[in-house]
Amino acid sequence: MDDLKFGKRNKRGDWAPNGRIEIAPFWAWPPKIPSVLKWLPEYIWPWNAFHMATALAYWCLVVPDVEVMKTLSWGWALRLYAVNAAAIFAMYGSIELFFYMRKKQGTRFKFNARFPAEQPSDVFWFKSQNIDNALRCFLISIPLWTLVEVVFLWCFANGSVPWLHFADHPIYLAALAFVAPVIHEVHFFVIHRAIHSPRLYKWVHSIHHNSINPSPWSSLSMHPVEALLYHAVALWHLVIPSNPILALFQLHIAGFGAINGHIGFDRLEIGRGVSLKSNAYAHYLHHKYFEVNYGGDGLIPLDLWLGTWHDGSPEGEARMNERFRRKRDRLNPKRQAAA
Ligand SMILES: [Zn+2]
Ligand SMILES: [Zn+2]
């Protein structure tokens, strides 16, 4: 595919999409019904449909019987860990293999023209972003993802929280499934904003930000505190009356969905003339500039409302630079007086 039909490339070879990242169209006033109708299938397909499909597959094939889950034991917990790790290895690993190791797409649609393997750095274990990020995925984040999973399954199995059934509450549970990505977006924004406070950033979140040029393994490369807070989004289904399948769906939006912001390509070419949009640009800009786009890509535009939104346009860049300039002046009033 010719990526220059969709964006532009600078002198360094970095590619950026044309236009701007648009927030979800239902925020428009007066309402734009045709835009909402066009957006709706994209909201569901392919990513949220994929997360729901994996949640259902887990429920049917992986999650043990309720009687088994009434008792905490290493057996079923380790089995869940093994499946989560295998699934992430297959999903993240195949994107890493085809697009980062074999470079089947070259740098077409790639935001940063360089590949992490070309940039060894002391900040990473073994000086390698790939090895560091992959080890953190499997040794830190996936065990904590599994811990959250075991906790909510055990709570549902024991009757510690309400377990609503689809046969009895079809509309309520369908509505809850529909807003699960909204819960994710708000939860992620709040914890992410919190770990950008100076002290927590240094102690916790700087690990994730070591990857300025993220690749799939960067998605779950986190400090344990961040990994726990991030996957704990599924525990909202112990507070809101829900069903374990929806809690799994919520967890998969976080665990499997983390890759969206870190693919590094705007589109993955998966067949002749067929490409999969990654929705990665907003979070790529977060990795590039740190203090923009704390949330997702505008489903709930908290960044826009709080002044930290970078929509990828030159105007967005200018607004960000102006905000950074004001911050520098605030921190260093002498510099402001000199200017
Ligand atoms: Zn990230
Ligand atoms: Zn961050």
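We did not get these values from a lab; they are worked out from the coordinates using the rules stated. Because the structure is a prediction, the values reported are computed rather than measured. Methodologically, a virtual Cβ is constructed for each residue, glycine included, from the backbone with ideal geometry; neighbour enumeration extends over all protein chains shown.
Under the criterion of Cα pairs below 8 Å and six or more residues apart, the relative contact order for the stretch 234-304 equals 18 percent. Once the Cα atoms are used to define both axes, helix 142-158 deviates from the longest principal axis of the chain by about 40 degrees.
Sorting 64-72, 85-93, 241-249 by their mean Cβ neighbour count within 10 Å, with the most densely packed peptide first, gives 241-249, 85-93, 64-72. Computed from the Cβ-Cβ distance with R0 of 25 Å, the FRET efficiency linking Tyr43 to Leu200 stands at 0.20. Each listed q (0.11, 0.19 Å⁻¹) maps to a log10 I(q)/I(0) for the stretch 198-309 from the Debye sum over equal C-alpha point scatterers, namely -0.42, -1.13. Full extension of the chain between Trp74 and Val123 gives 14.2 nm of extra length, using 0.36 nm per residue less the Cα-Cα distance. Couplings for the stretch 57-68, taken from phi via the Karplus curve 6.51 cos²θ - 1.76 cosθ + 1.60 with θ = phi - 60°, read 4, 4, 4, 7, 10, 10, 5, x, 4, 4, 4, 5 Hz in order; Gly and Pro are left as x. Length gained on full extension, Ala167 to Leu306, computed as 0.36 nm times the residue gap minus the Cα-Cα distance: 46.0 nm.
Listed values for the stretch 110-124 are Karplus-derived 3J(HN,Hα) couplings in whole Hz (6.51 cos²θ - 1.76 cosθ + 1.60, θ = phi - 60°), namely 8, 5, 10, 5, 8, 9, x, 5, 7, 10, x, 8, 5, 6, 9, and x replaces Gly and Pro. Take the Cα radius of gyration of the stretch 235-282 and divide it by 2.2 N^0.38 Å, N being the number of residues; the result is 1.56.
A crude spin-label estimate for the pair Arg323 and Ile212, with each label 7 Å from Cα along the Cβ direction, gives 2.0 nm. Shape of the stretch 1-72 from the C-alpha gyration tensor: oblate (a/c of 1.5 or more and a/b not above b/c, with a ≥ b ≥ c the square roots of its eigenvalues). Quick note on the chain: its Rg to Rh ratio, both from C-alpha atoms and Rh being the Kirkwood radius, is 0.98. A crude spin-label estimate for the pair Arg12 and Trp27, with each label 7 Å from Cα along the Cβ direction, gives 2.7 nm.
Beta bridges per DSSP, both residues in the chain: antiparallel share near 90 percent.
If the chain linking Leu331 and Met101 were pulled fully straight, counting 0.36 nm for each residue of separation and taking away their Cα-Cα distance, it would gain 78.5 nm.
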